[in-house]
Amino acid sequence: MSRPIYLDCHATTPVDPQVMAAMLPYFTEYFGNPSSINHQYGWEAEAAVKQAREIIANAINATPVEIIFTSGATEANNLAIKGVAEAYVEQGQHIITVATEHNAVIDPCKYLETLGFTVTYLPVGEDGIIDLKTLEAAFRDDTILVSVMAANNEIGVLQPLAAIGAMCRDRRILFHTDAAQAIGKIPLDVEGMHIDLMSLTAHKVYGPKGIGALYVRRRQPRVAIAPQLHGGGHERGMRSGTLYTPQIVGFGKAVEMALSLQEEENQRLTSLRQQLWQRLSSLSGIYLNGHPTQRLPGNLNISIEGVDGAALLLGLQSTVALSSGSACSSTSTAPSHVLTALGRSESLAYASLRFGIGRFNTSEEIDLVAETVISVVESLRSSILSSRISR
Ligand SMILES: *Cc1c(COP(=O)(O)O)cnc(C)c1O
């Protein structure tokens, strides 16, 4: 039996075969602990980690010592937000973030509220983008941190990082960005954008799961974070634990490939997305969620009027693997907090589809998916109609 077409690249991506090939020797042959400074096994692993660290630092215009490896973006977000809160508590206890952030940002903020911190959750416009005037109005004398994601995981919308960074720098407030969906896909520059902390992950960009990083600015200003894992003092004392060499090598290779393919891939993905949207637009009562162009090339998020979200997914699941606005936090059945923040009604938030088009998708697949969505929607609508008539 053939498997459904994979269009859920915001959830995760397959490991690119070239990434896999780069990782393999580090499981068996070069298995040393990068912290073993007294023998060749350690040196080999350390050299591989060093190379990956340089690639990742260069990708965001940082220096290698500013890259702290973590288990992924969830851990990086927790380390950034709780680590800054703990280190700067004497300066203030106010944090600004956005209503549409990933739960890995929202939940650490909620946790800090239980400890006495105050958090402002900025609203977004209908297009999913924050208004800089609203940000300006939210700053307080005791604001220590602003956390705004680079690219949204549901609607792909890109926030104006450079403008936000400049506003934070003027006020000497730290700026963190969750760039889990952005690394390798859009240009990121911690200097030009005045970013102080940046969360990264490998598995959204054809690298392995279980590895990511937090960029922590070391100069102008030197950012302090309180470690959340204590132990051997790895990663400048900010994140203890033996470095996971094969995953780190894979992360580096994945970022290197993404950067070299970025321009070509972005063009191809943008055209596949336009193809999909054009085909689907033949349906009535279909809405695009998020800004039409200021979004990730491979992202399309739509709401469809007059159908039940669960029935729609059920009808599609043998043809295409994707997620809906209600299935984002896996077990939750509440409508997406991102779509409701855009002002979508609960029923439109439920009847939504998130397409994540990626490196291995083809134009033929997009056509087949569009055809299937159209026919499932039409049949659901006509069955609703016929059940109304028969009543
Ligand atoms: C996937 C994702 C995360 C979580 O990353 P993990 O590496 O899976 O922990 C955090 N933020 C955003 C925006 C994401 O898309």
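The values are calculated or read from the model by the stated rules, or taken from the named source; none is laboratory data. Keep in mind that this is a model prediction, so the values were computed, not measured. Backbone-built Cβ (ideal geometry, glycine too); neighbour counts: all protein chains shown.
Given the criteria assigned by TED's automatic domain parsing to the domain that holds Leu214, among the small types (Gly, Ala, Ser) and in a loop (DSSP other than H, G, I, E, B), does Gly116 qualify?
Numbers: assigned by TED's automatic domain parsing to the domain that holds Leu214: yes; among the small types (Gly, Ala, Ser): yes; in a loop (DSSP other than H, G, I, E, B): yes.
In short, yes.
Which one of these does Pro64 not meet: (1) surrounded by 23 or more Cβ atoms within 10 Å (Cβ to Cβ); (2) away from the ligand (no atom under 15 Å from the Cβ)?
Tallying (1) surrounded by 23 or more Cβ atoms within 10 Å (Cβ to Cβ); (2) away from the ligand (no atom under 15 Å from the Cβ), Pro64 fails exactly one: (1).
If you go through the range 112-139, how many residues are under 15 Å from Ala85 (Cβ atoms) and touching a strand residue (DSSP E or B) at 6+ places or on another chain (Cβ under 7 Å)?
If we filter the range 112-139 for residues that are under 15 Å from Ala85 (Cβ atoms), which is where we start, we get 112-120.
Narrowing further to those that are touching a strand residue (DSSP E or B) at 6+ places or on another chain (Cβ under 7 Å): 112-113, 117-120.
Adding up the residues that qualify gives 6.
Take the range 280-304 and flag every residue that is assigned to a loop (DSSP other than H, G, I, E, B) and either among the aliphatic types (A, V, I, L, M) or closer than 17 Å to Ser323 by Cα (or both). If you could, list the steps in order and put the result at the bottom.
Of the residues in the range 280-304, the ones assigned to a loop (DSSP other than H, G, I, E, B) are 281-285, 289-294, 296-298.
Matches in the range 280-304: Leu283, Asn289, Gly290, Leu296, Gly298.
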